[in-house]
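The values are calculated or read from the model by the stated rules, or taken from the named source; none is laboratory data. Since we're looking at a predicted model, the values are computed, not measured. Using ideal geometry, Cβ is built from the backbone for each residue, glycine included, and neighbour counts are taken over all protein chains shown.
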Amino acid sequence: MSLDLIGDPTYIALETFRKNGQGIVTPVWPVAENGKLYIITGGNSWKTKRMRNNPNVRVCVSDARGNAKGEWVEATASILDTPTEIDKQRQRLKTKYGWQYRLLTTFHKIMGRDTDYITVEIQ
């Protein structure tokens with residue numbers, strides 16, 4: 001499988017897994033680069049916590065509510081920790097999503113939430 005199955009859509013459904021194996025689907029904004037998807041999420045969000053416990057995820061193209069519009073593909077998620085890579089993906093997300101991205105990050109700042117940038121590699 002490759003990123004060609006997903007492309008660079010506006011939304012993807014990201015399925016992360018609880019410790020008991022139950023999948024939880026969340027719509028997220030991706031940007032694609034070099035065979036990987038990059039997403040933004042709250043640093044203390046439940047999906048981030050689930051990814052730290054289990055990096056195996058599934059993704060598919062979706063609408064804004066996370067309703068699947070394509071085939072699910074297996075992937076592995078990891079949290080970016082390199083400042084230069086975080087800055088690069090931050091700028092790419094800002095360019096792709098414009099005012100919506102600025103609104104989301106402003107909301108995170110007002111609420112005192114950290115922001116994590118995640119890389120998702122399709123297997």
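Descriptive notes on the structure:
- Matching residues in the stretch 26-45 - criterion: being within 17 Å of ASP81 (Cβ to Cβ) and among the small types (Gly, Ala, Ser): GLY42, GLY43, SER45
- In the stretch 80-89, the residue that is nearest to THR26 (Cα to Cα) out of those that are free of Cβ contacts under 8 Å to residues at least 40 places away in the same chain and surrounded by 11 or more Cβ atoms within 10 Å (Cβ to Cβ) is ILE86.
- Single match in ILE24, ILE79 (criterion: of a type in the set (A, V, I, L, M) and within 17 Å of TYR117 (Cα to Cα)): ILE79
- A residue that is among the basic types (Lys, Arg), in contact with a Pro (Cβ under 8 Å, 6 or more places away or on another chain), free of Cβ contacts under 8 Å to residues at least 40 places away in the same chain and farther than 13 Å from VAL120 by Cα occurs somewhere in the stretch 60-67.
- Residues of the stretch 24-78 satisfying the condition of being within 11 Å of the chain's Cα centre (by Cα) and in a loop (DSSP other than H, G, I, E, B): TRP29
- Residues in the stretch 77-87 that are under 20 Å from THR10 (Cα atoms) and at pLDDT 90 or above: 1 in all.
- Looking only at residues of the stretch 106-123 that are under 17 Å from GLY43 (Cβ atoms), out of contact with any Gly (no Cβ under 7 Å at 6 or more places or on another chain) and surrounded by 15 or more Cβ atoms within 10 Å (Cβ to Cβ), we find that the one that is modelled with the highest pLDDT is VAL120.
- Complete set of residues in the stretch 106-117 that are in contact (Cβ under 8 Å) with a residue 40 or more places away in the chain and more than 14 Å from the chain's Cα centre (by Cα): HIS108, ARG113, ASP114
- Scanning the stretch 36-53 for residues that are over 19 Å from TYR101 (Cβ atoms) and touching a Ser or Thr at 6+ places or on another chain (Cβ under 7 Å) yields ARG50, MET51.
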